[in-house]
Amino acid sequence: MVSESTLHFVEYELQAIALTWMAVLYTIKIVQLMRMPMPWERAPQAGSGTRGIMHSYGTIFVPQWMESSRRHIWRWVEFIVYHVGALVAIVNTFTFSFTPWLMTPVVRWIFAILIAPAIVVGLIKLARRIFQPELRIVSTPDDYFSLASLEFFFFAAVMALLFDTAFWRMAYFLITAAFLFYVPFSKISHYVYFFFSHYLTGKRYGWRGVAPQVEGKS
C-alpha cells in the first residue's frame, strides 16, 4: 500500500528535482547550440527568409507542404496522433497534481482518449523497427528503449486518468521522473533540435527564393 507521504514526495518533490535536472541540462545544450558557428548564404537574397521560416514550421500542420507527408499521409496522421498523445500526457503531469479541480471525470476521459491512440502508434513504430530491415539496420538501443519507455509512460497515464488510484498515480509519476532524468541523453531530445533545424532550413531556402513544390503545380 502506498502511503500519502510517499505519493506526495513522488508527485511533487521528485518531479521538481527531475524538472530542475532536465532544465539545467537543456540550458547547457541550448547554449552550446547557440555558440556553434552558423555559416550563411553568400548569394544575393532572392526571397523572404521569414516566409521560409513560417513555411518550414507550417509543414507540421499542413502535410501538402512537404513531399514525404503528401505521399505518405498516414505517416503524417501517425505523427500527429503520437505527438498529441505525448503532449497531453506531459500536460497531465502538471494538471493532475497542481490543478486537481480541473481534472473532472469528463476531462480525465478526454485526456485518456487523446493519449490512448498514441500507445497504438507507438507499438506500430516499435514493430517497424523490429521487422523492417531498412529500419532495423539504422536503429540503436536508444531507439528501442525510448519507444518502449514512452509506451509505459502513455499506458500509466491512461490508467492513472481512468482509475485515479494511489498505485497508478505512483507508477505514472515514477515513470515521469525517470523519463525526465533520461530524456536529455536520448534521441527524444530531437524536439530541442527541431526549433533550430526548422529555423535554419526555412531561412536558408526562403533566402534563396526556392518555392516549395505543391502537388499538381509546377
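The values are calculated or read from the model by the stated rules, or taken from the named source; none is laboratory data. Worth saying up front: this structure is predicted, and the values here are computed from it rather than measured. Heads up, the Cβs are rebuilt from the backbone with ideal geometry, glycines too, and the neighbour counts pull from every protein chain shown. Protein only, heavy atoms only, side chains kept; ligands, DNA and RNA dropped before computing areas. Shrake-Rupley method; radii C 1.70, N 1.55, O 1.52, S 1.80 Å.
Structure above, values below:
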read-out: Candidate set: segment 46-93, residues that are among the small types (Gly, Ala, Ser) and within 20 Å of the chain's Cα centre (by Cα); chosen: the one most open to solvent (accessible area, probe 1.4 Å); value: Ser68
read-out: Selection from segment 94-114 of residues that are within 23 Å of Ser149 (Cα to Cα), open to solvent by 60 Å² or more (accessible area, probe 1.4 Å) and in contact with a helix residue (DSSP H, G or I) (Cβ under 7 Å, 6 or more places away or on another chain); value: Leu114
read-out: Complete set of residues in segment 67-94 that are touching a residue at least 40 places away in the same chain (Cβ under 8 Å) and farther than 30 Å from Leu174 by Cα; value: Glu67, Arg70
read-out: Test: residue in segment 208-215 that is touching a helix residue (DSSP H, G or I) at 6+ places or on another chain (Cβ under 7 Å), open to solvent by 20 Å² or more (accessible area, probe 1.4 Å), at pLDDT 80 or above and assigned to a helix (DSSP H, G or I); value: no
read-out: Residue match in segment 136-149 (condition: open to solvent by 90 Å² or more (accessible area, probe 1.4 Å), among the basic types (Lys, Arg) and closer than 22 Å to Trp21 by Cα); value: no
read-out: Subset of segment 1-16 (residues that are under 22 Å from the mean Cα position of the chain (by Cα) and surrounded by fewer than 13 Cβ atoms within 10 Å (Cβ to Cβ)); value: Ala16
read-out: Candidates Pro133, Pro184 - the one that is open to solvent by 60 Å² or more (accessible area, probe 1.4 Å), on the phi < 0 side of the Ramachandran plot and not acidic (Asp, Glu); value: Pro133
read-out: Residues of segment 28-57 satisfying the condition of being under 22 Å from Val192 (Cα atoms), in contact with a Gly (Cβ under 9 Å, 6 or more places away or on another chain) and of a type outside the set (D, E, K, R); value: Gly49, Thr50, Gly52, Ile53, Met54, His55, Ser56, Tyr57
read-out: Neighbours by Cβ (under 9 Å, 6+ apart or cross-chain): first from segment 119-145, more than 12 Å from Glu78 (Cβ to Cβ); second open to solvent by 80 Å² or more (accessible area, probe 1.4 Å) and in a helix (DSSP H, G or I); value: Ile119/Phe155; Arg129/Arg136; Ile130/Arg136; Thr140/Lys187; Asp142/Phe185; Asp142/Lys187; Asp143/Lys187
read-out: Filtered residues of segment 10-58 (kept if at pLDDT below 90 and either touching a His at 6+ places or on another chain (Cβ under 8 Å) or charged (D, E, K, R) (or both)); value: Lys29, Arg35, Glu41, Arg42, Arg51, Ile53, Ser56, Tyr57
read-out: Failed item in (1) closer than 30 Å to Ala166 by Cβ; (2) surrounded by 15 or more Cβ atoms within 10 Å (Cβ to Cβ), with Leu25 passing the rest; value: (1)
read-out: Boolean, Arg70 is of a type in the set (Lys, Arg) and part of a helix (DSSP H, G or I); value: yes
